[in-house]
Amino acid sequence: MAEHPSFTLAGLLAVGGTAGFVRTGSRPSLIAGLGLGASYAYAGYLIKGNKDYGTELALGNSILLLGSAVPRVIKTKARAPVPLGLLAAGALATFYYQMKVREFRYGV
């Protein structure tokens with residue numbers, strides 16, 4: 001079941017990056033959305049197949065998502081909904097996948 005958040009975030013990031021590009025012409029949004037979405041999809045594939053480093057990849061993606069949201073929230077002074085959504089998604093995914101990494105690695 002740990003693959004579901006990865007596949008969900010993969011779809012949301014791909015759609016969000018594409019929407020950002022269509023709406024404002026932002027190529028970085030398109031590249032980041034599709035790139036991070038593809039990385040989340042690959043992590044979900046690894047997790048679903050019970051292969052090595054799936055949860056670690058998902059955790060790394062989540063930290064990257066969280067880290068990219070912080071400057072946007074600061075820049076908009078926490079008034080824009082998209083950066084706040086990215087911050088919340090990144091924080092929740094980071095928390096979830098760090099628990100999964102600890103669970104798989106240490107049996108806790």
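Filter region 1-19 for residues that are farther than 18 Å from G90 by Cα and either part of a helix (DSSP H, G or I) or touching a Leu at 6+ places or on another chain (Cβ under 6 Å) (or both) and give the result.
Correct list: T18, A19.
For region 83-91, state whether one or more residues are open to solvent by 80 Å² or more (accessible area, probe 1.4 Å), in contact with a Ser or Thr (Cβ under 9 Å, 6 or more places away or on another chain), closer than 19 Å to P5 by Cβ and assigned to a helix (DSSP H, G or I).
Residues of region 83-91 open to solvent by 80 Å² or more (accessible area, probe 1.4 Å): none.
Checked region 83-91: no residue is open to solvent by 80 Å² or more (accessible area, probe 1.4 Å), in contact with a Ser or Thr (Cβ under 9 Å, 6 or more places away or on another chain), closer than 19 Å to P5 by Cβ and assigned to a helix (DSSP H, G or I).
Among the residues of region 1-34, write down those that are within 14 Å of the chain's Cα centre (by Cα), open to solvent by 50 Å² or more (accessible area, probe 1.4 Å) and hydroxyl-bearing (S, T, Y).
T8
If you check V73 against the conditions, is it more than 19 Å from A14 (Cβ to Cβ), in a helix (DSSP H, G or I) and out of contact with any His (no Cβ under 8 Å at 6 or more places or on another chain)? Talk me through it step by step, then tell me what you get.
Values: more than 19 Å from A14 (Cβ to Cβ): yes; in a helix (DSSP H, G or I): yes; out of contact with any His (no Cβ under 8 Å at 6 or more places or on another chain): yes.
It is true that V73 is more than 19 Å from A14 (Cβ to Cβ), in a helix (DSSP H, G or I) and out of contact with any His (no Cβ under 8 Å at 6 or more places or on another chain).
For region 30-51, which residues satisfy the criterion of being among the hydrophobic types (A, V, I, L, M, F, W, C), free of Cβ contacts under 8 Å to residues at least 24 places away in the same chain and touching a Ser or Thr at 6+ places or on another chain (Cβ under 7 Å)? Outline the logic, then answer.
To start, the set of residues in region 30-51 that are among the hydrophobic types (A, V, I, L, M, F, W, C) comprises 30-32, 34, 36, 38, 41, 43, 46-47.
Still in the running and free of Cβ contacts under 8 Å to residues at least 24 places away in the same chain: 30-31, 34, 46.
Answer for region 30-51, where residues must be among the hydrophobic types (A, V, I, L, M, F, W, C), free of Cβ contacts under 8 Å to residues at least 24 places away in the same chain and touching a Ser or Thr at 6+ places or on another chain (Cβ under 7 Å): just L30.
Exactly one condition in (1) part of a helix (DSSP H, G or I); (2) free of Cβ contacts under 8 Å to residues at least 12 places away in the same chain; (3) closer than 21 Å to F7 by Cβ is false for R102; which is it?
Exception for R102: condition (3).
Restricting the first residue to region 56-69 and requiring it to be open to solvent by 50 Å² or more (accessible area, probe 1.4 Å), which pairs with a second residue that is at pLDDT 95 or above and of a type in the set (S, T, N, Q) meet a Cβ separation below 6 Å and a spacing of at least six or different chains?
Filtered contacts from region 56-69: I63/T94.
How many residues does region 35-55 hold that are surrounded by 15 or more Cβ atoms within 10 Å (Cβ to Cβ), of a type in the set (F, W, Y) and over 18 Å from G17 (Cα atoms)?
1
Can you pull out the residues in region 32-51 that are over 17 Å from V82 (Cβ atoms) and part of a helix (DSSP H, G or I)?
Step one: list which residues in region 32-51 are over 17 Å from V82 (Cβ atoms), which gives 35, 38-51.
If the condition is that a residue be over 17 Å from V82 (Cβ atoms) and part of a helix (DSSP H, G or I), then G35, A38, S39, Y40, A41, Y42, A43, G44, Y45, L46, I47, K48 are the ones that fit.
The values are calculated or read from the model by the stated rules, or taken from the named source; none is laboratory data. Not measured: the values here are computed from a predicted model. So basically every Cβ, Gly included, is an ideal-geometry build from the backbone, and we count neighbours across all protein chains shown. Accessible surface is based on the protein model in full, side chains and every heavy atom, while ligands, DNA and RNA are left aside. Shrake-Rupley method; radii C 1.70, N 1.55, O 1.52, S 1.80 Å.
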